[in-house]
Amino acid sequence: MLSLLNRARKSMGRVAIVVTTMALAACQPTTATRGGPAVDPSAPIPVALLVPSGSGQASDELLARSLQNAARLAISDLGSIKIDLRVYNTAGQPGQAQAMATKAIDDGAKIILGPVFAQEANAAGVAAASRGVNVLAFSNNPDIAGGNVFILGPTFQNTAVRLASFAVRQGKSRIMIVHDQNQAGQIGRAAIEQGVARAGGSVVAVGSYAFSQNGVVQAAPQIAAAARANNAQALFMTADTAGALPLISQLLADNGMGPAATQFIGLTRWDIPSATLALPGVQGGWFALPDPNLYQQYQSRYQTAFGEAPHPISGLAYDGIAAIGALVKQGKANALTGAALTTGAGFVGVNGIFRLRSDGLNDRGLAVAQIRNNQVVIIDPAPRSFGGAGF
């Protein structure tokens, strides 16, 4: 138990930095538009890719390279559709992202892919809005979505709907939310509440804990007691593997919770890093993830083509190009307008099916997994169309 406590304490420090970044990144969405520039489907389509190269951070250089590689891999899969990919470096800075977005449009870009970080994406969106150009950002921050900015990153809302719908179908409609007392936890709580309501379930209780080791230790018995008092059939948790999950899952199990009594459900990926799968507290837990078969194929192809593993979010660049290619293939001049981008049928990328919504968010087809004997087992496959499970 001591090692578990130490691991949780160390990892919570890392998450605190991420959460602070989220707080700083909250932005206002751009003015709504359904337009976009006309394109010539028979000619190469100028597409701008904004990457964080130039920041001086090795991690940003790796990410920038991986995004470029993924985009070029997608272009090679488009057959007769030609994409004129032009790469612009933002150094991870909003001011430079805005300047590069303006330059890209001056250079003829018909659509912008990226940037990665929320403040950058918002700045690029503002620059592009006045020029009638849409932005497919790699962010997952819903605060910047809307108008001409569409986010490609997976959202809490999408995950919550998928898992809540599955839980209700499995007869676990009485759900208690357990969340961190920080911004990420509050955003996660709101997403779960909306997801449960949409699925036809009931939030029977809400429990939370201060984002510290002592806070989790003190709150766990009270959360377990509230779950029993309200006959909760599932505990839907916002904790992630780098934060409170190792500790809160174990302490709740120690207090009589767990699959035998109350189903654990995770809003975040419980399989990254893989060492998490060995934690006693998460055994039997459910979480959602992209179609693993499609993503493994992408990893293998990327490794073969570029001699290294892809960055975890690089697939978003592939998805963006795949969507652009699918729309241009229809041969219409309005292929990259907001109305075209939000086609209900959606697209297929390396993470499975996805579609862009008119509010700038996205729906992604996710699989539901369970941790059994330290392994990930898919218990409900990712849908292959938007008429499938979870939709």
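Throughout, read-outs are computed from the coordinates displayed, never taken from laboratory work. Remember, it's a predicted structure, so these values are computed and weren't measured experimentally. Neighbour counts are summed over all protein chains in view; Cβ atoms, including those assigned to glycine, are modelled from backbone coordinates with ideal geometry.
Listing for the model above:
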read-out	value
Contact order relative to length of the chain, as percent, for alpha carbon pairs under 8 angstrom and 6 or more apart	19 percent
Karplus (6.51, -1.76, 1.60) ³J(HN,Hα), θ = phi - 60°, over segment 173-178, in Hz, Gly and Pro reported as x	8, 8, 10, 9, 8, 10
Contour excess over end-to-end distance, with Cα ends at S385 and A43 and 0.36 nm allotted per residue	120.1 nm
Net lengthening on full extension, S274/A225 (0.36 nm per residue, minus Cα-Cα)	14.6 nm
Computed E for A99/N255 - FRET, C-beta separation, R0 51 angstrom, nearest 0.05	0.40
Separation in nanometres of the label points that stand 7 Å from Cα toward Cβ, at S80 and D359	3.9 nm
Under the Karplus curve 6.51 cos²θ - 1.76 cosθ + 1.60, θ = phi - 60°, whole-Hz ³J(HN,Hα) for segment 327-337, x wherever Gly or Pro sits	6, 5, 4, 6, x, 10, 5, 9, 4, 10, 7
C-alpha center-to-center spacing [segment 264-298, segment 188-231] in angstrom	20 Å
Cα long-axis angle, helix 2-25 against the chain (0 to 90 degrees, to the nearest 10)	40 degrees
Residues whose placed amide H lies under 5 Å from that of T268, excluding near-sequence neighbours	none
5 angstrom amide H check on Q233, placed H, neighbours 5+ away	R174, I175, M176
Rounded to whole Hz, the Karplus (6.51, -1.76, 1.60) HN-Hα couplings of segment 344-361, x for glycine and proline	x, 5, x, 9, 10, x, 6, 9, x, 6, 7, 8, 9, 9, 5, 8, x, 8
Distance (nanometres) between label positions extended 7 Å along Cα→Cβ at A333 and R169	4.4 nm
Long-range HN-HN contacts of D380 with modeled amide H, under 5 Å	V368
